[in-house]
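Student: Take this structure first; my questions come after.
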Amino acid sequence: MRKSHSTKMVDVVAICVASMVGLVLLAGFVPRMRQNARRSTCEMNFKKLGLALHNYHSAYNTMTMGCGGTSSGSADEPTLGNANRLSPLVGLTPFMEQQALWEEIANPLRANGEVFPAMGPVPWFDPEKYTPWGQRPEVLVCPADPTAKDFPTVASYTINYGDAVMNVGASPLEEMPPYGRTPGALRGVFGYQMVFRFRDVLDGLSNTLLMSEARIGGVRVAKNIPGLIERPAVCIDAHEDDQTKYWPEGRGACWADGSLLSMGVQTILPPNSRSATSEKGELEGVMSASSLHGEGAHVLMADGAVRFASSSIDAGDQESPTVAEGHLDKGKTLRPGSPSPYGVWGAMGTRAARDRFDPSELSEPVRTFTEEELAEFAKFELETWRAAKGTGKIQARQVDLTDKGVLVLMSEQGAIRRLALSRFSSQDAYRAVETHRQRKLTEAKLLVKHLSTQLELLEDKQFETFVRDWVAFDDGQQGDNPSGVAMIAGMLRAQRGELITAYDQILNLVGTATPELLGELPEALATGKGPTRGFKWAFLGGHWKLVFDGQMNQRGGRQPIQFMRAMEAADDPFGGR
């Protein structure tokens with residue numbers, strides 16, 4: 001009996017040790033997986049919201065009201081009703097698999113010694129007393145936002161209020177001092193006491209924004225800022241003024257509150273810009289999209305597609321006045337029906353302004369860089385870059401030049417800047433293009449050599465050598481840890497056949513491709529598109545390396561690969577808006 005008992009104890013200890021070893025081996029990989037999982041979950045949340053909105057429209061032939069409800073209730077009498085402040089997310093709850101929550105809201109509720117009317121009290125009412133307001137559906141939270149626990153009633157996803165400012169969050173159907181009836185400035189697909197159908201979206205569902213991300217905490221919203229209608233960029237100036245006052249909790253309001261401050265977003269300033277309300281209060285202002293997924297934010301289009309709008313998206317003329325009724329600023333404000341002055345971003349926010357844009361502007365997230373890549377960029381020559389209009393110059397290293405004409409620079413301090421090539425002098429623009437061309441030629445010359453070497457290692461089953469020499473992680477680390485090398489080597493072994501096929505196809509393509517296709521191949525390898533069969537390579541330290549970030553798991557499945565290290569959006573070094 002004792003021997004049996006002793007044997008069992010040894011088995012238990014062995015299992016515990018094996019478990020601890022497994023956890024240690026996985027510890028280095030988990031953080032790299034989490035960022036991808038969070039981005040994927042955020043995209044999936046948006047897809048669920050898009051499906052819910054489309055199912056709602058199919059059921060009722062209309063979208064949910066942007067901000068509405070029963071007219072009773074106010075700040076003075078909060079339990080009489082919801083004061084017409086319910087967000088569209090409340091009506092969507094049955095379509096988000098939240099039928100039980102909907103039943104609580106849609107019927108009178110007795111809770112905590114009080115009786116609340118159907119459709120609840122005002123949405124900012126104490127959620128500990130009226131419990132439905134504290135039951136925020138999980139689908140409304142971006143998993144990358146660590147402040148969600150601090151603000152348990154606030155949603156990560158906001159509704160499109162358009163590209164104007166004047167009374168944009170107020171009702172066009174009734175007088176609401178200090179707001180007036182200004183339906184001409186309500187150009188989005190949601191509005192206070194307004195209901196739209198898909199047929200009202202004359203700009204096209206694929207061209208029109210439904211919702212966007214907005215960070216829950218850590219974003220300051222300036223308060224009582226005048227002049228936003230005539231010049232929205234005054235919002236940026238206000239945040240640089242030490243005298244500016246701010247809302248105490250930023251957007252800190254209930255997910256059930258459809259007000260502009262709580263749930264609204266406008267396509268005026270680009271994603272990750274400043275936000276402010278006007279001197280009229282929380283129903284007028286400039287509310288910007290934001291996220292924790294790098295330089296931009298996920299957006300949900302009216303056709304249900306989920307896209308990514310970068311912080312460098314074309315946002316037009318930030319000095320332009322907005323659309324407004326009347327003759328503000330001596331008649332300089334734009335008349336209702338005018339096309340948006342805020343570029344592609346503004347065009348996304350309008351539902352019927354005859355705005356069109358290239359959908360490729362929203363194709364992929366702006367690529368951020370790993371620590372190894374940043375270290376490599378720091379070795380590039382520091383050059384002087386002059387503005388096209390001679391208004392300034394900066395010292396920076398050239399990092400990249402995108403096919404959309406965006407020059408990516410690294411400052412002397414290591415900050416990344418993205419500026420349109422047209423912002424630079426013609427001499428500097430030509431130099432940037434020539435530098436980019438020469439670098440791509442160098443990369444292409446090394447491509448065949450490096451991929452051939454990798455293929456030979458796979459064919460000879462030298463997996464550990466392959467990992468040590470030719471694998472890079474998405475966070476820039478190298479596979480030099482013995483335990484980690486062994487684990488990844490095992491994963492490579494499981495996918496050896498598929499990898500060899502991918503290498504064969506790429507090398508065969510190089511031998512038969514046209515010069516045009518050869519020029520596009522390095523980019524395809526770096527993005528995991530085209531002929532690369534879902535695998536991704538990166539040109540790091542003068543070598544093409546296979547990128548590992550969870551694309552190969554122990555079951556042999558592949559996951560999408562993206563460089564996820566977030567970097568804050570930088571200010572314009574030339575001083576422009």
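Student: Out of (1) in contact (Cβ under 8 Å) with a residue 60 or more places away in the chain; (2) of a type in the set (D, E, K, R); (3) in a strand (DSSP E or B), what's the single condition that is false for ARG110?
Tutor: (1)
Yes/no per residue for (1) polar (S, T, N, Q); (2) at pLDDT 80 or above; (3) open to solvent by 40 Å² or more (accessible area, probe 1.4 Å):
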site: PHE463; (1), (2), (3): no, yes, no
site: VAL467; (1), (2), (3): no, yes, no
site: ASN481; (1), (2), (3): yes, no, yes
site: ASP504; (1), (2), (3): no, yes, yes
site: LEU518; (1), (2), (3): no, no, yes
site: ALA524; (1), (2), (3): no, no, no
site: LEU540; (1), (2), (3): no, no, no
site: ALA566; (1), (2), (3): no, no, yes
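Residue by residue, here is whether (1) open to solvent by 30 Å² or more (accessible area, probe 1.4 Å); (2) over 19 Å from ILE313 (Cβ atoms); (3) of a type in the set (Gly, Ala, Ser) holds:
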position: ALA388; (1), (2), (3): yes, yes, yes
position: ASP400; (1), (2), (3): yes, no, no
position: THR435; (1), (2), (3): yes, yes, no
position: THR442; (1), (2), (3): yes, yes, no
position: GLN454; (1), (2), (3): no, yes, no
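Student: Any residue at all in the range 115-126 that is without any contact (Cβ under 8 Å) to a residue 40 or more places away in the chain, within 31 Å of the chain's Cα centre (by Cα) and closer than 24 Å to GLY169 by Cα?
Tutor: Yes: one or more hits.
Student: Could you count how many residues in the range 134-150 are under 20 Å from MET211 (Cβ atoms) and assigned to a helix (DSSP H, G or I)?
Tutor: Final tally of qualifying residues: 5.
Student: State which residue is nearest to GLY296 (Cα to Cα) when the search covers only the range 313-345 and only residues that are surrounded by 22 or more Cβ atoms within 10 Å (Cβ to Cβ) and among the small types (Gly, Ala, Ser).
Tutor: By that ranking, first place goes to ALA315.
Student: Moving on. Condition first: free of Cβ contacts under 8 Å to residues at least 40 places away in the same chain and closer than 30 Å to GLY227 by Cβ. Can you find one or more residues in the range 151-164 that meet it?
Tutor: Within the range 151-164 (the criterion being free of Cβ contacts under 8 Å to residues at least 40 places away in the same chain and closer than 30 Å to GLY227 by Cβ), the answer is no, since none of the residues qualifies.
Student: Given the condition in a strand (DSSP E or B), within 29 Å of ARG39 (Cβ to Cβ), in contact with a strand residue (DSSP E or B) (Cβ under 9 Å, 6 or more places away or on another chain) and open to solvent by less than 10 Å² (accessible area, probe 1.4 Å), answer yes or no: does some residue in the range 248-261 qualify?
Tutor: Yes, that holds for at least one residue.
Student: Here's another thing I want to ask about it. Filter the range 165-179 down to residues that are open to solvent by 10 Å² or more (accessible area, probe 1.4 Å) and either of a type in the set (Ser, Thr, Tyr) or in a strand (DSSP E or B) (or both) and give me whichever is modelled with the lowest pLDDT.
Tutor: MET176
Student: Let me ask something else. Please determine, by comparing only the residues of the range 34-44 that are open to solvent by 10 Å² or more (accessible area, probe 1.4 Å) and modelled with pLDDT of 75 or more, which one is nearest to the chain's Cα centre (by Cα).
Tutor: The residue in question is GLU43.
Student: Turning to a different aspect of this structure: State which residue pairs qualify: first residue closer than 12 Å to GLU284 by Cα and part of a helix (DSSP H, G or I) and inside the range 180-194, second residue of a type in the set (A, V, I, L, M, F, W, C) and open to solvent by 10 Å² or more (accessible area, probe 1.4 Å) in any location, beta carbons under 6 Å apart, and separation of 6 or more residues or different chains.
Tutor: ALA185/MET166
Okay, residues lined up against (1) out of contact with any Phe, Trp or Tyr (no Cβ under 6 Å at 6 or more places or on another chain); (2) more than 18 Å from ALA502 (Cβ to Cβ); (3) of a type outside the set (S, T, N, Q):
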position	(1), (2), (3)
ARG431	yes, yes, yes
GLN438	yes, yes, no
GLU443	no, yes, yes
GLU459	yes, no, yes
THR465	yes, yes, no
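Student: Turning to a different aspect of this structure: Right, ALA486: open to solvent by less than 40 Å² (accessible area, probe 1.4 Å) and small (Gly, Ala, Ser) or not?
Tutor: Answer is no for this residue.
Student: Here is a further query. Applying the selection to the range 285-296, what residues are at pLDDT below 90 and aliphatic (A, V, I, L, M)?
Tutor: Selection gives LEU292 alone.
Student: To continue, here is another question. How many residues, within the range 151-164, are in a loop (DSSP other than H, G, I, E, B) and of a type in the set (Ser, Thr, Tyr)?
Tutor: Matching residues across the range 151-164 total 3.
Student: For the range 404-419, give me each residue that is surrounded by fewer than 20 Cβ atoms within 10 Å (Cβ to Cβ) and free of Cβ contacts under 8 Å to residues at least 60 places away in the same chain.
Tutor: LYS404, GLY405, GLU412, GLN413, GLY414 - these are the residues of the range 404-419 that are surrounded by fewer than 20 Cβ atoms within 10 Å (Cβ to Cβ) and free of Cβ contacts under 8 Å to residues at least 60 places away in the same chain.
Student: Let me ask something else. Kindly indicate whether any position in the range 309-324 is farther than 30 Å from THR131 by Cβ, within 18 Å of the chain's Cα centre (by Cα) and not small (Gly, Ala, Ser).
Tutor: Within the range 309-324, one or more residues are farther than 30 Å from THR131 by Cβ, within 18 Å of the chain's Cα centre (by Cα) and not small (Gly, Ala, Ser).
Student: Any residue in the range 465-488 that is under 17 Å from HIS450 (Cα atoms) sitting within a Cβ distance under 7 Å of a residue that is modelled with pLDDT under 55 and open to solvent by less than 60 Å² (accessible area, probe 1.4 Å)? List the pairs, counting only those 6 or more apart or interchain.
Tutor: As it stands, the answer is VAL467/GLY479; ARG468/GLY479; VAL471/GLY479; ALA472/GLN478, since those pairs meet every condition given.
To keep it simple, each residue is scored yes or no on (1) open to solvent by 50 Å² or more (accessible area, probe 1.4 Å); (2) of a type outside the set (Ser, Thr, Tyr).
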{"site": "GLU77", "(1), (2)": "yes, yes"}
{"site": "LEU80", "(1), (2)": "yes, yes"}
{"site": "SER87", "(1), (2)": "no, no"}
{"site": "VAL90", "(1), (2)": "no, yes"}
{"site": "MET96", "(1), (2)": "no, yes"}
{"site": "PRO108", "(1), (2)": "yes, yes"}
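Student: Please work out if SER278 is in contact (Cβ under 8 Å) with a residue 40 or more places away in the chain, closer than 27 Å to GLU138 by Cβ and buried (at least 24 other Cβ atoms within 10 Å of the Cβ).
Tutor: So SER278 fails the test.
Student: Still on this model: Kindly check whether there is at least one residue in the range 417-434 that is of a type outside the set (Asp, Glu), closer than 23 Å to LEU525 by Cα and in a helix (DSSP H, G or I).
Tutor: yes
Student: Still on this model: Quickly run through the range 202-220 and pick out the residues that are open to solvent by less than 10 Å² (accessible area, probe 1.4 Å), of a type outside the set (Ser, Thr, Tyr) and closer than 30 Å to ASP303 by Cβ.
Tutor: Result: ASP203, LEU209, LEU210, MET211, GLU213, ALA214, ILE216.
The values are calculated or read from the model by the stated rules, or taken from the named source; none is laboratory data. The structure displayed is predicted, hence computed values, not measured ones. Heads up, the Cβs are rebuilt from the backbone with ideal geometry, glycines too, and the neighbour counts pull from every protein chain shown. For the accessible areas, the whole protein counts, side chains as well, though only heavy atoms, and no ligand, DNA or RNA atoms are used. Shrake-Rupley method; radii C 1.70, N 1.55, O 1.52, S 1.80 Å.
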